[in-house]
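All of the numbers you see were taken from the coordinates with simple rules; none came from a lab. All of these numbers come straight from a predicted model, not from anything done at the bench. Cβ coordinates were reconstructed from backbone atoms using ideal geometry, including for glycine residues, and neighbour counts include every protein chain displayed.
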Amino acid sequence: MNISEQRILITGALGGIGNELALELAEKGAKLALVARDTDKLNALAQSIEERGGKAFAIACDLAAPDAAKFVAEHATQTMNGVDILINCAGITYFGLFDQQSPEAMEALWHINVVVPMQLTRALLPQMSARRQGLIVNLGSVFGSIGFAYFTTYSASKFAMRGFSEALRRELDGTGVGVTYVAPRYTKTQLNKGAISLMAEAVGMNTDEPKLVARHVIRAIEQDRKDYYIGWPESLFVGINVLLPRLLDGALRKQNNQTRAFAENNI
Ligand SMILES: NC(=O)c1ccc[n+]([C@@H]2O[C@H](COP(=O)([O-])OP(=O)(O)OC[C@H]3O[C@@H](n4cnc5c(N)ncnc54)[C@H](OP(=O)(O)O)[C@@H]3O)[C@@H](O)[C@H]2O)c1
């Protein structure tokens, strides 16, 4: 798919990956509707894109609010006269012992990571289907294929996004609307602040810069990819986990023990 002139709605536009994505997509000639919560920062991002000759509109919205997806979809459709590509990039994480996560925090994570992307997709799909053209891009994670201890709710939410992407892609087969699932590995952003970054350093996790991840997301779009896993050997481990999950249980045991100390203290 050629990105130039595409009307793209991107959530999480002020995040590490989302911000880089917005800048790169604008440079490639896309028209953008940017979603995040901080009005001033969002306006500043839109303005800096415009100053470089791009096109961007700010839609400040807390996606946890009731009817947020409906509001965002309608606002973006109105402002850009339609949406060709939805990039579900907003996300939150939880690192800690599963039984110490509050039910409210569990629900909030599920809402932002799974329910809102599905609702946004639901809201935008009719116009894409009518034009027989469109793309839903879902940001998953390597943790959406390999269940990671102490990221249990987060892992589960990314497994859900992978399943959602696969099922919807099959449902939309032949309609002209595609679904692309992109799974980054550990990326240096605010999502991983504090205990997570300390843990990642201690266990020697491979890390990517958000700009590189943004470029991979764009490549996945341009190459009409269905699934796109970022990083080696993580993408190999994804395959091993499907074929030989008990092997990975053993391989991850030592790392889990190291990780637990950080998770226990992250209250
Ligand atoms: N970083 C990683 O290691 C990594 C690895 C694999 C996958 N991913 C996935 O990549 C995506 C982007 O992650 P990131 O690392 O760029 O995260 P990030 O830097 O923490 O940014 C997250 C973005 O989500 C938005 N968001 C969160 N809650 C929201 C809410 N209630 N309403 C509106 N917006 C909300 C934030 O908006 P505000 O600016 O308003 O806070 C922010 O723009 C996520 O889906 C994440 O799961 C990340």
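So between Arg122 and Asn43, what do we pick up on full extension, going 0.36 nm a residue minus the alpha carbon distance?
Taking Arg122 through Asn43 to full extension adds about 25.8 nm, to one decimal.
Output the relative contact order of the chain, whole-number percent, from Cα pairs under 8 angstrom with separation of 6+ residues.
So the answer I get is 19 percent.
Can you give me the distance in nm between label points at His75 and Glu171, each placed 7 Å from the Cα along the Cα-to-Cβ direction?
2.6
Using just the helices of the chain, give the 222 nm mean residue ellipticity in deg cm²/dmol: DSSP H runs with n ≥ 4 each add -39,500 (n - 2.57), and the total is spread over all residues, rounded to 500.
-16000 deg cm²/dmol
Quick one: how many lysine pairs in region 7-264 have C-alpha atoms under 15 angstrom apart, if they're 8 or more apart or on different chains?
Lysine pairs, 8 or more places apart or on different chains, close enough: 4.
To the nearest Å, what is the center-to-center distance of region 16-48 and region 190-209, using C-alpha atoms only?
Each part's Cα centre sits 25 Å from the other's.
How about region 35-94: which trypsin sites (Lys or Arg not before Pro) there lie in a loop by DSSP and see at most 16 other Cβ atoms within 10 Å? Walk me through the intermediate numbers first.
Numbers: sites: Arg37, Lys41, Arg52, Lys55, Lys70; in loops: Arg37, Arg52.
Answer in residue order: Arg37, Arg52.
Region 107-158: which trypsin sites (Lys or Arg not before Pro) are DSSP loop and have at most 16 other beta-carbon atoms within 10 angstrom? Mind dumping the intermediate values first?
On the way: sites: Arg122, Arg131, Arg132, Lys158; in loops: Arg132.
Of the trypsin sites (Lys or Arg not before Pro), the ones in loops of region 107-158 whose Cβ has at most 16 other Cβ atoms within 10 Å are Arg132.
Between Glu222 and Ala65, what FRET efficiency follows from the Cβ-Cβ distance if R0 is 35 Å, with the result rounded to 0.05?
According to the calculation, E is roughly 0.55.
Once you have a ≥ b ≥ c as the square roots of the Cα gyration tensor eigenvalues for region 174-267, tell me rounded if a/c is under 1.5, and otherwise prolate or oblate according to whether a/b is larger than b/c. Can you show the working numbers first?
Values: a/c = 2.61, a/b = 1.53, b/c = 1.71.
Judged from the Cα gyration tensor, region 174-267 comes out oblate (a/c at least 1.5, b/c at or above a/b).
Could you give the dipole magnitude of region 7-264 about its Cα centre, charging the beta-carbon of Lys and Arg +1 and that of Asp and Glu -1, in debye to the nearest 20?
Charge dipole of region 7-264: 520 debye, to the nearest 20.
Can you pull the three principal axis extents for the Cα set of the chain, in Å, largest first?
If we take the Cα atoms of the chain, the spans are 52, 41, 33 Å.
Return the FRET efficiency for the residue pair Glu51, Glu209: r is the Cβ-Cβ distance, R0 is 30 Å, and the value is rounded to the nearest 0.05.
0.80
Assuming 0.36 nm per residue, please report the length gained on full extension of the stretch Ile240 to Gln190 beyond their Cα-Cα distance.
Residue separation times 0.36 nm, minus the Cα-Cα distance, leaves 15.1 nm.
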